[in-house]
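Step one of this worksheet: look at the structure below.
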Amino acid sequence: MKVLKSIAYAVTLPALLILLWWVLTIDSTNFYVPKPGELATTFVDTWFGERFREDVMPSVARFAAGTLLAIVLGIAAGVCIGSVRWLRSLLEPMLEFFRAIPPPVLVPILMVLIGINDRMKIAVIVFGAIWPVLLNTIEGVRAVDPVLVDTARTYGLSRWQRLRTLVLPSAAPQIAAGVRQALSIGLILMVISEMFASSSGLGFTIVLFQRSFAVTEMWSGIVLLGLIGVAVSIVFQVCERKILHWYYGQKEVQHGR
Amino acid sequence: MAGDSATIETGPREDVHSPVALSVQGLQKIYSSDTGDVEAVRDLTFELRQGELVCLVGPSGCGKTTLLRCIAGLLDPTAGTVTLDGAVVTGPPKKMAVVFQEYGRSLFAWLTVRQNVELPLKNAGMPKAERQKAVSEALHAVGLEHAESSYPWQLSGGMQQRVAIARAVAYKPEVLLMDEPFAAVDAQTRADLEDLIRRVWKELGVTVLFITHDIDESVYLGERVLILSNSPTVIQEDLTIDLPADRDQLTTRSLPRFTELRTHVYAEIQKAKRGKGGDA
């Protein structure tokens, strides 16, 4: 019942918007604005064929590889930097510098350095998506409760045990916030990395449609990107709820009191 | 060794000839900062014999926590030494467990009650079957066997502190340090927990150093009470509590001797405040 209710909430507004769009475009002859039915047919025709295997899948795979790599590297580096004070003092100003560089400007450079291939595109995603994970991990590791640290020390917890049962779980809520940002940045960079000098992928295909005035097809690509974003966000939320169930439970108890 | 398991049933050893478990010699701690040095603890010397339950009481801000952190090996003293079983403490010793005041912050919120108690044993490499048994016993001792699969934040404050105590008990330390463990729980729960500590102490024959700012609590719990002076801290008095070994919230607290001792400690603390803090 509860599930049905939340699904009903989630679906209502999109349904209304589509209805509104349908009503407004009934008599429309505007070339740039397709009708809902038209778009739906085009969507299926465009993406559920060969393009799914040749453009969508490789794009999603690069996105997955890039963000996953960014998350793993970000957490690993963040734990090191967060737990060693001198390393933090040494690196933090530089991290701010690198973080301030918009990743798209690196595409031409990486193209020259790595070549025009998947590795370059993944590198662009990693370079953009790593920052929120890294900086949030550093903050999360620094914010471990000193009483818990003392507790772990008095019981002589080994370094590995401390990392696994103290530092990582304690920093997990903040790391999750970083991962959430990394996912949306990753998706944006997935598209951008394919807009230059590419011959396949979602970003490439959408640009191709734009240039060839295949307006309905272009729109359908944008819709597909949105749907991928929603799917990613749902997967993330399911994982987060599972890993951080204690965190949300604790918050509920605190607010209930 | 006198501390093997066969003698646990005999209860606390009160004879003065049992070996020294914990010894603090000339302990001094000065915190240096840009605005000048602060001497938290000046010169503390005392000993705990094996199986003793000693309370340390002092005016607020007299460096009780500093002292505890030095004994626990969490803080290096400026001068003096802490010796546990003849070995100088340079870091957190294996044979020691600490129960902190902030129960809510000393338990791992992402582990269940059972996992919290089990963690130090797991880390020490205790085999699984033995570990399970030790955890169950400890949870039984604090009356929490029904809550073993709950998370700490699902429990009340008093129950959370029980979990911390069970964790310390399961670890089977030789010395148990307690830093104002009941300061943040309500009065009724506190009385229960005090009795729990007396019981656990008797059953396990562990040496306990119990730090508190509550005068009644120190007299009710301790076999000995060490009264600290105001900062910079020294031991003002080492008082033996000659109350019966079997204590009870109702009868013990209404004994004339209890009132005498309590009044004495209270007067000493007042003296401590005036003596050093009169110019403040």
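The values are calculated or read from the model by the stated rules, or taken from the named source; none is laboratory data. Just so you know, these numbers come straight off a predicted model, no measurement behind them. Cβ coordinates were reconstructed from backbone atoms using ideal geometry, including for glycine residues, and neighbour counts include every protein chain displayed.
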### Query
Does region B:190-205 contain any residue that is at pLDDT below 90, part of a loop (DSSP other than H, G, I, E, B) and out of contact with any Asp or Glu (no Cβ under 7 Å at 6 or more places or on another chain)?
yes
### Task
Please state which one of B:V113, B:V98 is within 14 Å of chain A (Cβ to nearest Cβ) and farther than 30 Å from B:K273 by Cβ.
B:V113
### Query
Of the numbered conditions (1) more than 17 Å from the chain's Cα centre (by Cα); (2) more than 28 Å from A:E252 (Cβ to Cβ); (3) of a type in the set (G, A, S); (4) buried (at least 19 other Cβ atoms within 10 Å of the Cβ), B:A168 satisfies every one except a single condition; which is it?
(1)
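If I filter region B:113-124 for residues that are touching a helix residue (DSSP H, G or I) at 6+ places or on another chain (Cβ under 8 Å), surrounded by 19 or more Cβ atoms within 10 Å (Cβ to Cβ) and more than 17 Å from A:R153 (Cα to Cα), do I get at least one hit? Steps first, please.
Going residue by residue through region B:113-124, those that are touching a helix residue (DSSP H, G or I) at 6+ places or on another chain (Cβ under 8 Å) are B:113-114, B:116-123.
Checking the rest, the ones that are also surrounded by 19 or more Cβ atoms within 10 Å (Cβ to Cβ) come to B:113-114, B:116-121.
Then keep just the ones that are more than 17 Å from A:R153 (Cα to Cα); that gives B:113-114.
Yes, because at least one residue in region B:113-124 is touching a helix residue (DSSP H, G or I) at 6+ places or on another chain (Cβ under 8 Å), surrounded by 19 or more Cβ atoms within 10 Å (Cβ to Cβ) and more than 17 Å from A:R153 (Cα to Cα).
Go through region A:26-41 and give me each residue that's assigned to a loop (DSSP other than H, G, I, E, B) and over 16 Å from A:Q210 (Cβ atoms).
Step one: of region A:26-41, the residues assigned to a loop (DSSP other than H, G, I, E, B) are A:26-35.
A:I26, A:D27, A:S28, A:T29, A:N30, A:K35, listed by residue number.
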### Checking B:H140 against (1) closer than 29 Å to B:D214 by Cβ; (2) more than 14 Å from every other protein chain (Cβ to nearest Cβ); (3) in contact with a strand residue (DSSP E or B) (Cβ under 8 Å, 6 or more places away or on another chain), the condition it does not meet
(3)
### Message
Cβ contacts < 6 Å: first residue in a helix (DSSP H, G or I), restricted to region B:139-154; second residue modelled with pLDDT under 95 and surrounded by fewer than 18 Cβ atoms within 10 Å (Cβ to Cβ), any location; separation 6+ or different chain. Result?
### Response
B:L139/B:E145; B:W153/A:V253
### Query
For B:F46, all conditions in the list (1) in a loop (DSSP other than H, G, I, E, B); (2) away from chain A (no Cβ under 12 Å); (3) among the hydrophobic types (A, V, I, L, M, F, W, C) hold save one; what is the number of the exception?
(1)
### Task
Go over the candidates B:R42, B:R49, B:R69 one by one and state the one that is charged (D, E, K, R) and more than 18 Å from the chain's Cα centre (by Cα).
B:R42
### Query
Is region A:139-150 home to any residue that is among the β-branched types (V, I, T) and farther than 18 Å from B:L111 by Cβ?
yes
### Query
Within the set of pairs 6+ apart or on separate chains, which have a first residue in region A:142-161 that is on the phi > 0 side of the Ramachandran plot and without any contact (Cβ under 8 Å) to a residue 12 or more places away in the chain, a second that is part of a helix (DSSP H, G or I) and surrounded by fewer than 21 Cβ atoms within 10 Å (Cβ to Cβ), and C-beta atoms under 9 Å apart?
A:G156/B:N123
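When you check B:G86 against the structure, is it within 14 Å of another protein chain (Cβ to nearest Cβ) and either among the hydroxyl-bearing types (S, T, Y) or out of contact with any Ser or Thr (no Cβ under 8 Å at 6 or more places or on another chain) (or both), yes or no?
Working: within 14 Å of another protein chain (Cβ to nearest Cβ): no; either among the hydroxyl-bearing types (S, T, Y) or out of contact with any Ser or Thr (no Cβ under 8 Å at 6 or more places or on another chain) (or both): yes.
The answer is no for B:G86.
Kindly indicate whether B:G157 is within 14 Å of another protein chain (Cβ to nearest Cβ), in contact (Cβ under 8 Å) with a residue 24 or more places away in the chain and surrounded by fewer than 19 Cβ atoms within 10 Å (Cβ to Cβ). Spell out the reasoning first.
On the way: within 14 Å of another protein chain (Cβ to nearest Cβ): yes; in contact (Cβ under 8 Å) with a residue 24 or more places away in the chain: yes; surrounded by fewer than 19 Cβ atoms within 10 Å (Cβ to Cβ): yes.
Considered against the rule, which asks whether it is within 14 Å of another protein chain (Cβ to nearest Cβ), in contact (Cβ under 8 Å) with a residue 24 or more places away in the chain and surrounded by fewer than 19 Cβ atoms within 10 Å (Cβ to Cβ), B:G157 comes out as yes.
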### Long-range neighbours under 8 Å by Cβ, at least six apart or interchain, first residue assigned by TED's automatic domain parsing to the domain that holds B:Y31 within region B:222-244, second assigned to a strand (DSSP E or B) and aromatic (F, W, Y)
B:G222/B:F210; B:L226/B:F46; B:I235/B:F46; B:D238/B:F46
### Summary
For A:S59, the lone unmet condition from (1) in contact (Cβ under 8 Å) with a residue 24 or more places away in the chain; (2) polar (S, T, N, Q); (3) loosely packed, with under 15 Cβ neighbours inside 10 Å is (3)
### Query
Within region A:103-156, restricting attention to residues that are within 14 Å of another protein chain (Cβ to nearest Cβ), part of a helix (DSSP H, G or I) and not β-branched (V, I, T), which residue is surrounded by the fewest Cβ atoms within 10 Å (Cβ to Cβ)?
A:P146
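Can you tell me which of B:D248, B:D214, B:D238 is surrounded by fewer than 20 Cβ atoms within 10 Å (Cβ to Cβ), farther than 30 Å from B:T78 by Cα and among the acidic types (D, E)? Can you show your working first?
Numbers: B:D214 fails: farther than 30 Å from B:T78 by Cα; B:D238 fails: farther than 30 Å from B:T78 by Cα.
Result of the check over B:D248, B:D214, B:D238: B:D248.
Tell me, which helices (runs of 4 or more DSSP H) wholly within region A:194-257 include 1 or more residues that are within 14 Å of another protein chain (Cβ to nearest Cβ) and touching a residue at least 40 places away in the same chain (Cβ under 8 Å)? Outline the logic, then answer.
Values: elements: A:202-211, A:215-243, A:245-256.
By residue number, A:215-243, A:245-256.
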### Task
Check B:A134, B:A184, B:A164 and return the single one that is closer than 24 Å to B:I215 by Cβ and not assigned by TED's automatic domain parsing to the domain that holds B:Q50.
B:A164
